[in-house]
Amino acid sequence: MPIKRMNFGYLLGGLLFLLLSVAIAREVGVTSETRRLFLEPALCLMLLMGIWSHVSEKTW
């Protein structure tokens, strides 16, 4: 399957990974500063993935 057709799948997978990793880190007891250092770049990456998945070559 071409990457362009699976881009929402990548976004979904990234969001699920982010959701689970933050929940697991909180349960394990990772400090809030460490979580913030991981969460900020991850959220920026998710934003870029969302923009990339929304851009398409098709017109409405």
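Summary of values
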read-out: Where labels lie 7 Å past Cα in the beta-carbon direction, separation of His54 and Leu19 in nm; value: 1.9
read-out: Ordering of 25-34, 44-53 by packing [mean C-beta count within 10 Å, highest first]; value: 44-53, 25-34
read-out: Tyr10 paired with Arg35, simple spin-label distance in nm, labels 7 Å along Cα-to-beta-carbon; value: 2.9
read-out: Two-site label geometry, Arg26 and Leu43: point separation in nm, points 7 Å out along Cα→Cβ; value: 1.3
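Every number here is computed from the coordinates shown, using simple stated rules; none is lab data. On a predicted model such as this, the values are computed, not experimentally measured, just so you know. Cβ: placed from backbone, ideal geometry, glycine included. Neighbour counts: every protein chain shown.
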